[in-house]
Amino acid sequence: MRYLLGLLGHPLDHSLSPVMHRAALRALGLEGDYRRLDTPSEQLAARVEEVRTLYHGVNVTVPHKEAILPWLDELDPAAAAIGAVNTVVNDGGRLVGHNTDAPGFLRALAEAGVRGEVALLLGAGGAARAIAFALKEAGWEVWIHNRTRTRALALAEAFGLRVVDPARAREADLVVNATSVGLDDPDATPIDPCHLPRGGAVVDIIYGVGETRLLRAARARGLPAFDGLGMLLWQGLLAFELWTGRKVPVEAVRRALLQAVHRGGNEG
């Protein structure tokens with residue numbers, strides 16, 4: 001079997017997903033390819049039908065993690081509860097939505113040795129929904145801050161979170177940036193670094209752009225600080241298993257990702 005896989009979103013130039021999934025195909029000796037499917041919002045419906053006819057499965061990234069829901073035939077229970085999809089499996093023409101961001105984030109957090117009780121989540125989009133769900137399921141108290149307060153309130157109501165001022169970050173055991181702030185400009189930051197925790201960890205799910213200002217500020221304070229590569233790795237491995245039914249050699253894929261970051265370039 002030749003697997004045709006892809007990434008659906010816009011823009012996609014920064015993505016390391018092709019590096020990761022091509023490495024997974026090679027490691028398992030499987031034929032196939034993983035393609036970037038750059039899809040502006042007005043082209044989403046047509047792209048989903050292309051996936052239905054040509055692709056075994058795709059990942060979904062910004063801005064489509066929530067927008068794609070009406071075009072799918074089925075959601076697995078976790079994706080339905082989260083209200084966002086990052087993985088689509090083509091099951092004989094039926095498109096089934098999954099969310100591997102949530103378990104992927106928890107795997108990355110555990111691998112980094114991060115523990116605590118209170119997390120401040122920055123953002124209210126598809127990735128933030130998955131992380132909020134994951135942290136709540138793992139027993140964390142989750143606070144949320146978002147630039148648009150109405151979106152923060154909606155997410156808080158959906159998952160039982162508290163909307164707080166960003167200055168409350170000082171009291172958190174974990175601060176997670178699940179916004180896109182820092183992606184185009186690594187010197188931009190979603191909160192003033194003076195509000196960072198006294199002793200907690202900081203995770204910025206952005207990756208591949210160098211060290212963001214948020215992470216630089218955290219490390220300058222001596223705080224454990226992690227970018228989004230861990231979450232990318234684990235959500236990707238879980239997605240690949242859904243598509244192929246095969247377990248991926250973790251270190252082979254991790255090595256490919258780290259080499260790509262070191263080179264500062266992506267596969268096309």
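The values are calculated or read from the model by the stated rules, or taken from the named source; none is laboratory data. The structure presented is a predicted model; accordingly, all values stated were derived computationally and were not measured. In this analysis, Cβ positions are derived from the backbone assuming ideal geometry, glycine residues included, and neighbour counts consider all displayed protein chains. For the accessible areas, the whole protein counts, side chains as well, though only heavy atoms, and no ligand, DNA or RNA atoms are used. Shrake-Rupley method; radii C 1.70, N 1.55, O 1.52, S 1.80 Å.
Go through segment 82-112 and count every residue that is free of Cβ contacts under 8 Å to residues at least 40 places away in the same chain and at positive phi.
Of the residues in segment 82-112, 1 are free of Cβ contacts under 8 Å to residues at least 40 places away in the same chain and at positive phi.
Restricting attention to segment 41-51, does a residue exist that is within 25 Å of Pro249 (Cβ to Cβ), modelled with pLDDT of 95 or more and surrounded by fewer than 20 Cβ atoms within 10 Å (Cβ to Cβ)? Step through it out loud before you land on a result.
Taking segment 41-51 as the starting set, the residues that turn out to be within 25 Å of Pro249 (Cβ to Cβ) are none.
Scanning segment 41-51 turns up no residue that is within 25 Å of Pro249 (Cβ to Cβ), modelled with pLDDT of 95 or more and surrounded by fewer than 20 Cβ atoms within 10 Å (Cβ to Cβ).
Just name the residue that is least open to solvent (accessible area, probe 1.4 Å) out of those in segment 162-188 that are under 22 Å from the mean Cα position of the chain (by Cα), among the small types (Gly, Ala, Ser) and farther than 21 Å from Phe133 by Cα.
Only one residue tops the list, namely Gly182.
Filter segment 20-31 down to residues that are under 19 Å from Met1 (Cα atoms) and open to solvent by less than 30 Å² (accessible area, probe 1.4 Å) and give me whichever is farthest from the chain's Cα centre (by Cα). I'd like the intermediate steps shown before the answer.
In the first step, residues of segment 20-31 are kept if they are under 19 Å from Met1 (Cα atoms); the result is 21-31.
Next, only the ones that are open to solvent by less than 30 Å² (accessible area, probe 1.4 Å) stay: 21, 23-25.
Working: His21: 15, Ala23: 19, Ala24: 18, Leu25: 21 Å.
Going through the qualifying residues, I end up with Leu25.
Restricting the first residue to segment 61-81 and requiring it to be within 14 Å of Ala127 (Cβ to Cβ), which pairs with a second residue that is at pLDDT below 95 and open to solvent by 60 Å² or more (accessible area, probe 1.4 Å) meet a Cβ separation below 8 Å and a spacing of at least six or different chains?
Matching pairs, first to second residue: Val62/Ser180.
Can we say Pro103 is farther than 28 Å from Thr150 by Cβ and not small (Gly, Ala, Ser)?
On the way: farther than 28 Å from Thr150 by Cβ: yes; not small (Gly, Ala, Ser): yes.
Yes; evaluated as a whole, the condition is true for this residue.
Only one of (1) open to solvent by less than 30 Å² (accessible area, probe 1.4 Å); (2) within 28 Å of His98 (Cβ to Cβ); (3) free of Cβ contacts under 8 Å to residues at least 24 places away in the same chain fails for Thr244. Which number is that?
(3)
Among the residues in segment 259-267, are any closer than 30 Å to Val118 by Cα and aliphatic (A, V, I, L, M)? Write out each step before concluding.
Just the residues of segment 259-267 that are closer than 30 Å to Val118 by Cα, to begin with: none.
Within segment 259-267 (the criterion being closer than 30 Å to Val118 by Cα and aliphatic (A, V, I, L, M)), the answer is no, since none of the residues qualifies.
Take the residues of segment 113-129 that are in a loop (DSSP other than H, G, I, E, B) and out of contact with any Gly (no Cβ under 7 Å at 6 or more places or on another chain): which is most open to solvent (accessible area, probe 1.4 Å)?
Initial filter on segment 113-129 (in a loop (DSSP other than H, G, I, E, B)): 113-117, 123-125.
When the remaining residues are screened for being out of contact with any Gly (no Cβ under 7 Å at 6 or more places or on another chain), the result is 113-115, 117, 123-125.
Working: Gly113: 40, Val114: 21, Arg115: 194, Glu117: 132, Gly123: 2, Ala124: 8, Gly125: 21 Å².
Here the answer is Arg115.
Only one of Ala132, Ala138, Ala154 is under 18 Å from the mean Cα position of the chain (by Cα), open to solvent by 10 Å² or more (accessible area, probe 1.4 Å) and at negative phi. Can you tell me which? Steps first, please.
Details: Ala132 fails: open to solvent by 10 Å² or more (accessible area, probe 1.4 Å); Ala154 fails: under 18 Å from the mean Cα position of the chain (by Cα).
Unique residue meeting the criteria: Ala138.
Residue pairs, Cβ under 6 Å, 6 or more apart or interchain, first in segment 27-46 and under 13 Å from Leu12 (Cα atoms), second modelled with pLDDT of 95 or more and open to solvent by 60 Å² or more (accessible area, probe 1.4 Å). List them.
Between residues of segment 27-46 that are under 13 Å from Leu12 (Cα atoms) and residues that are modelled with pLDDT of 95 or more and open to solvent by 60 Å² or more (accessible area, probe 1.4 Å), the close pairs are Asp38/His10; Thr39/His10; Pro40/His10.
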